[in-house]
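Following: one structure in structure tokens, then a few remarks.
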Amino acid sequence: MKRLRVLVLMHPDLVPPDSIKGYSEQESYVWKTEYDVVSTLRKAGHEVRPLGVQEELKPIRDAIEDWQPHAVFNLLEEFHGDTAYDQNVASYLELLRIPYTGCNPRGMMLARGKDLSKKLLSYHRIPAPNFAVFKKGHAIRRPARLKMPLIVKSVSNDASIGIAQASVVDSDEKLAERVTFIHERIKTDAIAEEYIEGRELYVGVMGNQRLKVMPIWELRFDNLGKGQRAIATERVKHDPDYQERRLIMQGPAEDLSPELRAAIIRSAKRICRILELDGYARIDYRLSAEGIPYFLEANPNPEIAESQEFAQSALHDGVGYADLLQQLLNLAIKRQAAKDA
Ligand SMILES: Nc1ncnc2c1ncn2[C@@H]1O[C@H](COP(=O)(O)OP(=O)(O)O)[C@@H](O)[C@H]1O
Ligand SMILES: [Mg+2]
């Protein structure tokens, strides 16, 4: 294997220490992804430079010109504190003609809005929940076609920010309350989607032209409290104690018929093509009781910590973590080479 110089872009607050020793799980949680990527690439023999960026592009350009990395590993999820700017950073790397891991800027843009992605997919008849968008500063009126219960989310935020049990509403009064909560606390427009009762499935996809689909993954809720819905709330995603108490588990999805499995794999690939995703992505679904996989959202550059869904599903497929990161770098380098050709 060729020894590469890899520049890893990340939020300045998340530049990890060299060793994890002496840090509790809670402490390391925030920068675990950055730590996993940097330490694993180093162990694999690459020369790795973490670079924290947030307000200035110049450090990126300087590092690329001075150090001439073979590739950028893009772990940046925001710029100027705005998640919508992640695509602009990818654009900048594209203009610098440097290979970078993960999705291209157009894919990031098409996948971002939980409304836009569903509109595009509905043209291609991919099942997705009915929804309505409630913009800030506008009256909150539910279209009659939209059936309760609904789940209310930020139209643009990720990582289940603002998602709690109270996000699922079954009256117009509760809907207005939760939409207002999103407007005021999360400070974005809100989307209300018909709530799909069912199983929570994640499908990792990797590739540029040729797409490889990882084993279908499931988030299971085996010990829900009374009246609680099986949804990936902020606590479910980010609170290890809660995960343990509530027996929140991830693993390969079992008991899917071969036909359904094939249909989901086909759907995940089509979604990547329609939304122009490349590099790596994770498509989230709810599988209804009738066996229909409803598209929830597409995540370009999904969470890539070793313990998280994407890496775990790759491992289940026999692709270890170091190997996985190497493949992401290879995809980055090949994509740029194809453009240069
Ligand atoms: N229409 C829906 N029906 C059922 N559950 C949903 C729906 N939309 C979201 N959820 C639940 O909320 C979680 C987070 O929603 P998602 O749209 O993926 O937002 P985020 O970008 O924050 O991950 C999902 O993983 C799922 O558990
Ligand atoms: Mg999600």
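The values are calculated or read from the model by the stated rules, or taken from the named source; none is laboratory data. What you are looking at is a predicted structure, and each value in this text was computed from that prediction instead of being measured. When we count neighbours, we look across all protein chains shown, and the Cβ atoms used for this are built from the backbone with ideal geometry, even at glycine.
Mind telling me which of the residues E194, E200 ends up being among the charged types (D, E, K, R), under 21 Å from A128 (Cβ atoms), surrounded by fewer than 20 Cβ atoms within 10 Å (Cβ to Cβ) and within 15 Å of ligand 1 (Cβ to nearest atom)? Give the derivation first.
Numbers: E200 fails: surrounded by fewer than 20 Cβ atoms within 10 Å (Cβ to Cβ).
Result of the check over E194, E200: E194.
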So in the stretch 134-164, with the set limited to residues that are on the phi < 0 side of the Ramachandran plot, surrounded by fewer than 14 Cβ atoms within 10 Å (Cβ to Cβ) and not charged (D, E, K, R), which one is farthest from ligand 1 (Cβ to nearest atom)? A139
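Please verify whether the stretch 268-282 includes one or more residues that are of a type in the set (D, E, K, R), within 16 Å of ligand 1 (Cβ to nearest atom) and surrounded by 20 or more Cβ atoms within 10 Å (Cβ to Cβ). Steps first, answer last, please.
Restricting attention to the stretch 268-282, the residues satisfying the condition of being of a type in the set (D, E, K, R) are 269-270, 273, 276, 278, 282.
Narrowing the set further to residues that are within 16 Å of ligand 1 (Cβ to nearest atom) leaves 282.
From what is left, the residues that are surrounded by 20 or more Cβ atoms within 10 Å (Cβ to Cβ) are 282.
Yes, that holds for at least one residue.
Could you go through the stretch 51-61 and let me know if any residue there is touching a residue at least 40 places away in the same chain (Cβ under 8 Å) and assigned to a helix (DSSP H, G or I). Working first, answer last.
The first filter runs over the stretch 51-61 and keeps only residues touching a residue at least 40 places away in the same chain (Cβ under 8 Å), leaving 51-54, 60.
Next, only the ones that are assigned to a helix (DSSP H, G or I) stay: 60.
Within the stretch 51-61, one or more residues are touching a residue at least 40 places away in the same chain (Cβ under 8 Å) and assigned to a helix (DSSP H, G or I).
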Complete set of residues in the stretch 146-172 that are without any contact (Cβ under 8 Å) to a residue 60 or more places away in the chain, polar (S, T, N, Q) and in a loop (DSSP other than H, G, I, E, B): S171
Restricting attention to the stretch 292-303, does a residue exist that is assigned by TED's automatic domain parsing to the domain that holds L260 and more than 16 Å from ligand 1 (Cβ to nearest atom)? no
Taking only the stretch 222-237 into account, find how many residues are loosely packed, with under 14 Cβ neighbours inside 10 Å and either closer than 18 Å to I182 by Cβ or at pLDDT below 85 (or both). 5
Some residue of the stretch 179-186 being among the aliphatic types (A, V, I, L, M) and either buried (at least 21 other Cβ atoms within 10 Å of the Cβ) or in contact with a Cys (Cβ under 9 Å, 6 or more places away or on another chain) (or both): yes
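Hey, could you check the stretch 36-50 for residues that are part of a loop (DSSP other than H, G, I, E, B) and not hydrophobic (A, V, I, L, M, F, W, C) and say which is farthest from the chain's Cα centre (by Cα)?
Looking only at the stretch 36-50, we keep the residues that are part of a loop (DSSP other than H, G, I, E, B), and these are 44-46.
With the extra rule that they be not hydrophobic (A, V, I, L, M, F, W, C), the set shrinks to 45-46.
On the way: G45: 28, H46: 26 Å.
So, considering only residues that are part of a loop (DSSP other than H, G, I, E, B) and not hydrophobic (A, V, I, L, M, F, W, C), the one farthest from the chain's Cα centre (by Cα) is G45.
So, E55, is that one within 15 Å of ligand 1 (Cβ to nearest atom), more than 30 Å from P149 (Cβ to Cβ), acidic (D, E) and surrounded by fewer than 21 Cβ atoms within 10 Å (Cβ to Cβ) or not?
Working: within 15 Å of ligand 1 (Cβ to nearest atom): no; more than 30 Å from P149 (Cβ to Cβ): yes; acidic (D, E): yes; surrounded by fewer than 21 Cβ atoms within 10 Å (Cβ to Cβ): yes.
For E55, the condition - within 15 Å of ligand 1 (Cβ to nearest atom), more than 30 Å from P149 (Cβ to Cβ), acidic (D, E) and surrounded by fewer than 21 Cβ atoms within 10 Å (Cβ to Cβ) - is not met.
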